Amino acid sequence: MSFFKKTFLDNSEDELDPMLPFMSLLLIIIPVLIGNIAFYHFKSIEVNIPGINQDKNKPEQLKEASKMDEKVILQLRVDSDKLIFTLLNETDGQTVSEENIANKEEEFNKIQTMILKLQEKYHKLDTTLVSIDKKIRYEDVVKILNHFTEIANHQKKMTLVIMPQGEDV
Amino acid sequence: MKSKVSFLSASERPNQKLNITSLMDVLTIILIFLLVNYSSVEQDMQVPDYIKLPKVQAKTLESLKQTLKLVVGKDRIKINDGKEIQFNNFVSQQAQIMERLAESMAKIKEENDVNKTPSVLALQADKDIPYEIIDGVILSAASVGITQIELMSLKQPD
């Protein structure tokens with residue numbers, strides 16, 4: 001066999017031999033990867049909305065919340081110039097605390113400090129009601145909510161409930 | 001510039017060696033590119049030409065639960081693969097648009113209820129549209145009993 005190889009086959013084929021299994025592997029892997037390639041990655045922000053016409057469609061989180069005593073709910077009002085965070089007592093609906101943060105990306109790090117403080121103080125805080133000014137662009141809404149959820153979900157899952165506003169009268 | 005064609009037989013032709021190194025380089029680069037962009041999550045979602053999704057910096061990417069796809073553009077709204085609802089001015093046509101939206105969503109929700117699948121609305125909206133339009137869409141969804149929404153955006157490259 002070696003005589004045959006030396007005589008008739010080119011030496012370059014010897015160099016190819018160790019590469020062939022790797023090449024075969026690549027030829028199998030590459031089509032599989034091409035099939036699953038994602039040219040863009042989606043980011044989704046999960047929000048709930050309260051059901052309007054049927055009682056059974058209320059978010060479960062809200063139903064549970066009503067059963068618990070001494071629970072607080074965070075209310076976030078997104079305005080064009082500021083973000084208003086209001087902490088409400090769920091049983092009597094009274095304002096526990098309120099904080100305003102400027103609606104600028106540079107100021108968003110203040111949200112982190114505030115949320116972490118609230119989550120430390122109120123362990124049952126798991127719901128945020130969000131209302132948004134109608135003039136704000138979708139991009140800004142998504143950026144604010146994304147920033148908020150990334151921080152809030154770090155320790156515990158925070159449920160966002162968007163409050164629809166409807167037509168102005 | 002004419003290309004030269006060899007009429008020599010295979011045995012007469014000078015020994016041509018295939019340089020495998022460059023081929024390996026190309027394949028390795030392709031492999032790395034594909035591995036970086038590989039997605040283990042099946043994404044049955046396309047972004048239509050008429051909208052530009054907002055981009056956000058995201059540390060985590062959740063798998064999508066959507067069963068209902070809603071695309072909101074500057075002048076049209078489309079549900080799943082159904083007919084587009086066109087509008088010139090959302091505010092003046094809001095009542096009709098919301099009625100048509102609610103009708104379409106109710107049909108899909110009924111089908112989902114029969115199949116016992118939860119109705120989760122994946123909302124793709126153009127980055128520049130005002131929240132007013134989104135609010136109308138949310139109201140329509142709420143009116144037919146859809147309570148879970150996924151606000152879609154694109155992950156900004158790191």
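The values are calculated or read from the model by the stated rules, or taken from the named source; none is laboratory data. As the structure is a computational prediction, the values presented were derived from the model and not from experiment. A quick note on method: Cβ atoms are made from the backbone with ideal geometry, for glycine too, and the neighbour counts reach across all protein chains shown.
Please state which of the following conditions B:ILE133 fails to meet, knowing it meets all the rest: (1) of a type in the set (Val, Ile, Thr); (2) touching a Phe, Trp or Tyr at 6+ places or on another chain (Cβ under 9 Å); (3) more than 18 Å from A:TYR138 (Cα to Cα).
(3)
Please pick out the residue among B:GLY145, B:GLY136 that is in a loop (DSSP other than H, G, I, E, B), modelled with pLDDT of 85 or more and surrounded by 14 or more Cβ atoms within 10 Å (Cβ to Cβ).
Details: B:GLY136 fails: in a loop (DSSP other than H, G, I, E, B).
Selected residue: B:GLY145, the only one of B:GLY145, B:GLY136 that is in a loop (DSSP other than H, G, I, E, B), modelled with pLDDT of 85 or more and surrounded by 14 or more Cβ atoms within 10 Å (Cβ to Cβ).
Could you give me the residue pairs with C-beta distances under 9 Å whose first residue belongs to segment A:80-92 and is farther than 17 Å from A:LYS143 by Cβ and modelled with pLDDT of 85 or more, whose second residue is in a loop (DSSP other than H, G, I, E, B) and among the polar types (S, T, N, Q) wherever it lies, and which are 6+ apart or on separate chains?
Qualifying pairs under 9 Å: A:LEU88/A:GLN94.
Mind telling me which of the residues A:LYS143, A:LYS156 ends up being part of a loop (DSSP other than H, G, I, E, B) and either surrounded by 15 or more Cβ atoms within 10 Å (Cβ to Cβ) or in contact (Cβ under 8 Å) with a residue 24 or more places away in the chain (or both)?
That would be A:LYS156, the only listed residue that is part of a loop (DSSP other than H, G, I, E, B) and either surrounded by 15 or more Cβ atoms within 10 Å (Cβ to Cβ) or in contact (Cβ under 8 Å) with a residue 24 or more places away in the chain (or both).
Yes/no per residue for (1) aromatic (Phe, Trp, Tyr); (2) more than 24 Å from the chain's Cα centre (by Cα); (3) facing another protein chain (nearest Cβ under 7 Å); (4) closer than 25 Å to B:ASP49 by Cβ:
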{"site": "B:ALA106", "(1), (2), (3), (4)": "no, no, no, no"}
{"site": "B:ILE133", "(1), (2), (3), (4)": "no, no, no, yes"}
{"site": "B:GLY136", "(1), (2), (3), (4)": "no, no, no, yes"}
{"site": "B:ALA141", "(1), (2), (3), (4)": "no, no, yes, yes"}
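Which residue is nearest to B:LEU139 (Cα to Cα), if the candidates are limited to segment A:125-169 and must be more than 8 Å from chain B (Cβ to nearest Cβ) and of a type in the set (Lys, Arg)?
The extreme case among them is A:LYS157.
Tell me, which residue of segment B:143-158 that is polar (S, T, N, Q) and at the interface with chain A (Cβ under 7 Å from one of its Cβ atoms) is nearest to the chain's Cα centre (by Cα)?
Going through the qualifying residues, I end up with B:SER153.
Among the residues of segment A:114-124, are any buried (at least 19 other Cβ atoms within 10 Å of the Cβ), away from chain B (no Cβ under 13 Å) and under 16 Å from B:LEU151 (Cβ atoms)?
no
Taking segment B:57-99 only, how many residues are more than 24 Å from B:LYS116 (Cα to Cα), modelled with pLDDT under 85, among the β-branched types (Val, Ile, Thr) and touching a strand residue (DSSP E or B) at 6+ places or on another chain (Cβ under 8 Å)?
0
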